[in-house]
């Protein structure tokens, strides 16, 4: 059956094209921000842009290799692959520390970060595990196994320490949530331990992970906004405290959701959903006020400690804090931007924004292309993420679907946290913007991850498992 | 359990985060200006370029005050690598501890920021900012250090401009520069820490002209404060403009000669060109070499020493010191007597020593002879007639009326208040009027006999040497003066309107010739008190004065102008505590100055030697 079809008959071109576009835009931005007048050649391998092009070539080559291998291999060899990445994670702990973390394997700029590849290994094994069990009867055992698969690499990564990648690994919880593996059995066990109580399932237990995500996301945004005052240039009289900005935004989304429901659901569903939205709004507002007023009410030294942790407050020993500089670069872009190669705050040469070619690459892009550029970039990432979700949902096999969701959620985390720290919505934890940031490890691992997905997808028809 | 619907939760998360971020970016990039301003603050720096100050020329176009290049040894701590304190200490010839202390000092002191509102100071020293380790090095000094600076990364030299004085004269005229203080920075936003400001003399008076216009460059800087490129291709930049040059009325050769003559003496010489009011020379003795006050190191080494010197070299005597004018004042009393009609040129008064002391001479039968002999009883009589004109019945009320009339005449000569001369540190002197004596003695409790010492320029009458010279210039002009001033033109334009205006006295022009004849006799007739001022081919008109002084020897003074017709120079000489009268020391000094100015050479070498050798700087 397969013999009559070419290798690319079911190849997902839209996903591949947006992936390639992001890579090329990333190289263009690296060329602009790290531009060295002494080495103007884009292909100068002594420069970051030259190296990035080299990494691009290597990544595409690796991608081709991955694509030529039958997708069965990943299914069959997921355990050895997972164990191999774990071994690398252990070895890296004995390497000399770079910038305070033992994250690099290899020499100098040619090193790789095993943590990047551990994501692929974990995604494959998790897919294999979930596809092998009957999740309709999830037990404490399956929950523990699934969590263990994630936790082992997480612990090793925390030992490096690499807080950013550690946080990214929690994205697998969403994959488990989609597949029905939640903390409900655990919570049921605790709740049902009380005499006379016997629940079949709990709503909180089932939706524990998205609720947790909402709580954390909302809390962090409220914290960041609690010191801000929203002003409007055109209406100088209006000053909205950041907290009320959060509440208004919640209300706005609630109303938007209700209008959306009018068009897509039946009346009965609508009533239920409306109730959920209203309760959600009330609960979210209460949470936001607890966070806001709790934070405001803290003793000043505790407040300072939290502010320092979040990067809100200037480090007394530091020249200036990165977040503020990054936001200045992004915010000064304006509507149309300062023009390509014209970033004044975030060019590597000026060094006002450290790491402006890696973790803060969004800064020079936003500074040069303005709001038009940033909205385009967000649109491209949303397309990429939703396309992967779409791909995931069209898979016949659980293995493929779980893997595709894992890719989607990992990329979503990177996107949300990386952009968040550029616009003051997330603490500064160093994780790259996928396909965009300078760096061989992340480009290679994301590319391999992508091509495995493309391969699995292209063979979706002959898989019956 | 069907979990398919859960995909909507994940899709919703992705979309909501996307929307929230888009809204946030729209707010940050398009709506809110805060971040744009912050970015400018971070990356776009305003760099000020201080231009060299305007230079000063004398009346012949000789450069009196110019600029010279000096070097600051700068450092940026963030760029220092493997700093070898000992090697560096050896290079600049300091001890290791001294080098360490200097770093400490800069960190604590020179990065100091004073909050305008709270007045609190905090150190805002930053490792990435440049600071001067050594300031104001000469070319010779930097030449030793510069070749080795490559061994000390983070250190570099920076050019700065400072004053230089090709002639070591006229320190009290030009003044000096020093670093601005916090108050001055707050008051005038022209100044930034480290800038210089004029502290005295012309440097201070013409500060706003001399400092020029600062240039401003907007540059995009890096985090290490390095300039990367000019902002908007220099569209908003302005070019620094040097202050305009000042052309002075001073004749630097005459000034130098005057300073030489007053060596080892305390006193003043002021010379004015009567027709223009330009000050030709203004000598204050003792003075100092203005080159001692170039730069911080020099000032800190010399300032307190000069300030505590009992002979007060920093004190601009010709401008600030108030002396009784002595007998030179008789010229004015004569003029007032003539104008009031209480005497005529032929009036004679006996030399009655019972009224007031006098030296031995024949009684003066007319006014010129009275001036020639400087007869005290004569002026006692003249001034009594001015004050007591018997216009009122009460002798006291009569004296009040007479004194106020007298004071009005005096003020018309620019006495009793500050002249509007273009320099700082002026005094006004004192011309007593009725109100003045009422305070001393009570209303209507005094008459001429109480205040008679004003008739011979003693007592309550006080003049600055500048005013004395201006009186001489006024007489030379036969009744008017232009306010004495230093600056002829600023950048080729000038003089200012106030230095063109003639100020007429209340004395008619016709009364001056008899006084001038008396002044000629003082110098050129046998028995004249000022014969030592006599010159061969030039008629000098002068008047001596011997000022009694309760603290020591009499002061010797002389006012004069020459030539008699179309006068070119009016002069006042005042020598403190000179043993002997005005004729002995001040007159020959004035004579030498006039000769020097008018003929460029000195014929009477003996007279010059006598003055040069005189030493009155004891005590």
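Bear in mind that the values in this text are calculations on the coordinates, not laboratory data. A quick note: this is a predicted structure, and the numbers were derived from the prediction, not measured. Cβ atoms come from the backbone with ideal geometry, glycine included; neighbour counts cover every protein chain shown.
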Using a Förster distance of 25 Å, the FRET efficiency for residue A:36-residue B:47 (Cβ separation, nearest 0.05): 0.55
Sorted peptide list for B:324-332, B:190-198, B:145-153, criterion being average Cβ within 10 angstrom, highest first: B:324-332, B:190-198, B:145-153
Simple spin-label estimate for residue B:189 and residue A:84 in nanometres, 7 Å along Cα-Cβ: 6.6 nm
Principal-axis tilt of helix B:376-387 within chain B, Cα atoms, nearest 10 degrees: 70 degrees
Counting DSSP beta bridges with both ends in region B:252-613, the antiparallel % (nearest 5): 95 percent
Expected 222 nm ellipticity per residue - DSSP helices of 4 or more, -39500 (n - 2.57), all of chain A, to 500: -21500 deg cm²/dmol
Ranked packing of A:350-356, A:394-400, most packed first, by mean Cβ within 10 Å: A:350-356, A:394-400
Label-point separation in nm, residue A:252 to residue A:383, each point 7 Å along Cα→Cβ: 2.5 nm
C-alpha long axis of helix B:330-340 to longest principal axis of chain B, angle in °: 70 degrees
Inter-chain Cβ neighbour average for residues A:381-393, partner chain, 10 Å: 3
Calculated FRET value between residue B:436 and residue B:549, using beta carbons and R₀ = 30 Å, to 0.05: 0.85
Degrees, to the nearest 10: B:465-476 long Cα axis against longest axis of chain B: 60 degrees
Value of [θ]222 nm, deg cm²/dmol, for chain B, DSSP H segments ≥ 4, -39500 (n - 2.57) each, nearest 500: -9500 deg cm²/dmol
For region B:252-613: relative contact order, % (alpha-carbon pairs under 8 angstrom, 6 or more apart): 21 percent
15 Å cut-off, amide nitrogen to a point 7 angstrom out along residue A:189 Cα→Cβ, residues in region A:146-183: A:146-148, A:182-183
Label point 7 Å beyond Cα of residue B:296 along Cβ direction - residues of region B:170-190 with amide nitrogen under 17 Å: B:177-185
Over the protein assembly as shown, volume per residue of the alpha carbon convex hull, in Å³: 255 Å³
Mean separation of Cα contacts under 8 Å, 6 or more apart, over the residue count of chain B: relative contact order %: 14 percent
Computed label-point distance, nm, for sites residue A:279 and residue A:296 using a 7 Å Cα→Cβ extension: 2.9 nm
Residue-averaged beta-carbon neighbours from other chains (10 angstrom radius) around A:284-295: 0
Förster radius 56 Å - calculated FRET efficiency between residue A:44 and residue B:208 (Cβ-Cβ, nearest 0.05): 0.55
Ranked by how many other beta carbons lie within 10 Å on average, peptides A:148-154, A:330-336 from highest: A:330-336, A:148-154
Peptide-level mean, for A:344-351, of C-beta atoms on other protein chains within 10 Å: 6
Paired Rg and Dmax values of region B:252-613, which use every Cα atom, in angstrom: 20.1, 69
Distance histogram in 10 Å bins (all Cα pairs of chain A, percent per bin): 4, 17, 28, 28, 17, 6, 1, 0
